[in-house]
Amino acid sequence: RGVFLKSALDRVWNVQGLEISHDAFEYVKKNITSNVKYGDLLNHVYGKEEFDLVAFWDSIEHIANPKAYLLKAYNMLKPGGIIVITTDIYDSLFGWLSRIIYKISFGLIRWPVKRVYIPYNSFYFTTKTFNKILTDSGFSIIKQKRFNYPISKINLNNFELPILFIPFDTYKQ
């Protein structure tokens, strides 16, 4: 809905938005900036090394082939350009347990997976898988910052909730 574009405009940046959701596109065009296009990144022509920054704001996890988008973004960036991505990362003990239970039950036990994993995502990245797709696309990771996921998006009971926030990286596989 143009949050990043608005922030960039407030800092007097020259911005260009691209929105795949028609409703979000209309909102951004009406309320934030007219310098926004509607459609899919892979279907738009951008110049090589055209941008200083490319952002994927809560979107890369919904894309069927995120590597194709990252490769395109890499080519769109000027030398020294930056990519900013916000996405869900599933590095928690609860997420790990959910995957294990699902796998060892051959998909018969789905309760934990349904509790943690968002049905609208195409990908459920861990730090390891996310870093791999970034480096495989040509990017060097400069900084990563974790944010707590909004509890309102996760339907957990009082027993499940504390388990969700135990970082998986404290446990050895």
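The values are calculated or read from the model by the stated rules, or taken from the named source; none is laboratory data. Predicted model, so just to flag it, every value in this text is computed and none were measured. For neighbour counting, all protein chains shown are included, and Cβ atoms are generated from backbone atoms with ideal geometry for every residue, glycine included. Surface areas here come from the heavy atoms of the whole protein model, side chains and all, with no ligands, DNA or RNA. Shrake-Rupley method; radii C 1.70, N 1.55, O 1.52, S 1.80 Å.
Search the structure for amide H atoms under 5 Å from the amide H of residue 117, placed 1.01 Å from N in the peptide plane, and list their residues when 5 or more places away or on another chain.
Residues meeting the amide H criterion: none.
Which one, [x] 1.32; [y] 1.07; [z] 1.16, gives Cα Rg over 2.2 N^0.38 Å as derived from the coordinates shown?
The value computed from this structure is option [z].
What distance in nm separates the two pseudo spin-label positions at residue 20 and residue 158, each 7 Å out from Cα along the beta-carbon direction?
Those two pseudo-labels are separated by 4.0 nm.
Given labels modelled 7 Å from the Cα in the Cβ direction, how far is it in nm from residue 136 to residue 44?
Each label point lies 7 Å from its Cα, and together they span 2.5 nm.
Given the pairs 6/67; 78/128; 29/67; 37/72; 72/132; 72/145, which are separated by over 20 angstrom at their Cα positions?
Details: 6/67 27 Å; 78/128 26 Å; 29/67 28 Å; 37/72 17 Å; 72/132 16 Å; 72/145 24 Å.
Beyond 20 Å between Cα atoms: 6/67; 78/128; 29/67; 72/145.
Measuring with a 1.4 Å probe in the full set of protein chains, what accessible area per residue, in whole Å², belongs to the range 1-124?
Solvent-accessible surface per residue comes out at 62 Å².
Show me the ranking of peptides 23-30, 93-100 by mean Cβ neighbours inside 10 Å, starting with the highest.
Numbers: 23-30: 15.2, 93-100: 18.1.
In descending order of packing, they fall as 93-100, 23-30.
To test your reading of the geometry: what angle, between 0 and 90 degrees and rounded to tens, separates the Cα axis of helix 127-136 from the longest principal axis of the chain?
Helix 127-136 sits at roughly 40 degrees to that axis.
Please find the FRET efficiency linking residue 31 to residue 52, where r is the Cβ-Cβ separation and R0 is fixed at 22 Å, and quote it to the nearest 0.05. The partial results should precede the final answer.
Details: r = 24 Å, r/R0 = 1.11.
Here the calculated transfer efficiency is 0.35.
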